[in-house]
1. Which of the residues spanning the stretch 190-204 are out of contact with any strand residue (DSSP E or B) (no Cβ under 7 Å at 6 or more places or on another chain) and touching a residue at least 24 places away in the same chain (Cβ under 8 Å)?
2. Go through the stretch 1-22 and report how many residues are touching a residue at least 60 places away in the same chain (Cβ under 8 Å) and either open to solvent by 10 Å² or more (accessible area, probe 1.4 Å) or of a type outside the set (A, V, I, L, M) (or both).
3. Considering only the stretch 102-209, give the helices (runs of 4 or more DSSP H) lying wholly within it that have at least 3 residues that are crowded, with 17+ Cβ neighbours inside 10 Å.
4. Looking only at the stretch 78-103, count how many residues are within 24 Å of Leu139 (Cα to Cα) and not β-branched (Val, Ile, Thr).
5. Under 8 Å by Cβ, and 6 or more places apart or on different chains, what pairs join a residue from the stretch 177-188 that is within 12 Å of Thr47 (Cα to Cα) and without any contact (Cβ under 8 Å) to a residue 60 or more places away in the chain with one that is in a strand (DSSP E or B) and among the charged types (D, E, K, R)?
6. Take the residues in the stretch 124-172 that are among the small types (Gly, Ala, Ser) and without any contact (Cβ under 8 Å) to a residue 24 or more places away in the chain, then tell me which one is farthest from Leu202 (Cα to Cα).
7. Can you name the residue in the stretch 86-101 that is in contact with a Leu (Cβ under 9 Å, 6 or more places away or on another chain) and not in a helix (DSSP H, G or I) and, of all such residues, is farthest from Glu29 (Cα to Cα)?
Amino acid sequence: MSNLLFDFDGTIADSLSVIVAITNQLAPEFGYRPTPLAEVDALKGLTPRQLIRYSGIPVLKIPALLRRLRQELRQQSIQIPPCSGMPEVIQQLRQDGHFLAIVTSNTPEVVWAFLATYGLEHCFASVDGGGTLFRKGRLIAQCLERHQLLSTETAYVGDEVRDIAAARSAAVQAVSVTWGFNSRTALVAANPDQLADDPKALRAIADAI
């Protein structure tokens, strides 16, 4: 059996529209341009650093913005829908005997509230979260150590180019899903180990690790 560590936003939770709405609401306070919903698809090929340049947010304000974003998400966590097909696949992966955990930039409180809403909390051994946008690799390494998982038997499943980089830094396989934030083209260019266009594909990927 393999170990699958999951990103949360855009991979399990279909939270993009909620995140865009919150960040647009906070734009005047933090001094960056809001993102019209009509422009969201055009931004899916950008990396986080390119997005920062696009929005014009001052880099020094990013930590405070992330804290506010997480606070707002905490209040709306039970309203965020799951990505289509993911609850069923998660339950099947757990029934198949795979080890599942979540490593995310979001806060554990938001994730656990979401999982409880959809009856998925029993499927995951742990949720590691918080920190900056670019420290997922460290969180993955900490998760491996805590649960005594072999990196050669582990994959990190995410929807962004930075998730591929995080998997690489922790020496685990990178599995990219194409239903989240970054476009399929952007993900392919970053060369993940596996690419999933449909949640059902994750079962075969897990069996092959």
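The values are calculated or read from the model by the stated rules, or taken from the named source; none is laboratory data. Remember, predicted model here, so these are calculated numbers, not experimental data. As a convention, Cβ positions derive from the backbone with ideal geometry for all residues, glycine included, and neighbour counts pool all protein chains shown. Note: areas computed on protein heavy atoms with side chains; ligands, DNA, RNA excluded. Shrake-Rupley method; radii C 1.70, N 1.55, O 1.52, S 1.80 Å.
1. Matches in the stretch 190-204: Ala190, Asn191, Asp198, Pro199, Lys200, Arg203.
2. Number of matching residues: 13.
3. 108-117, 136-147, 161-169, 201-208
4. Of the residues in the stretch 78-103, 12 are within 24 Å of Leu139 (Cα to Cα) and not β-branched (Val, Ile, Thr).
5. Close Cβ pairs satisfying both conditions: none exist.
6. In the first step, residues of the stretch 124-172 are kept if they are among the small types (Gly, Ala, Ser); the result is 125-126, 129-131, 137, 141, 151, 155, 158, 165-167, 169-171.
Add one more test, that the residue is without any contact (Cβ under 8 Å) to a residue 24 or more places away in the chain, and what stays is 151, 171.
On the way: Ser151: 18, Ala171: 20 Å.
For the stretch 124-172, the residue satisfying everything is Ala171.
7. His98
Results for (1) open to solvent by 80 Å² or more (accessible area, probe 1.4 Å); (2) basic (Lys, Arg); (3) in contact with a Ser or Thr (Cβ under 9 Å, 6 or more places away or on another chain); (4) assigned to a helix (DSSP H, G or I), shown as yes or no for each residue.
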| site | (1), (2), (3), (4) |
| --- | --- |
| Asn24 | no, no, yes, yes |
| Ala27 | no, no, yes, yes |
| Thr35 | no, no, yes, no |
| Arg53 | yes, yes, no, yes |
| Ile62 | no, no, yes, yes |
| Arg68 | no, yes, no, yes |
| Ser77 | no, no, yes, yes |
| Ser84 | yes, no, no, no |
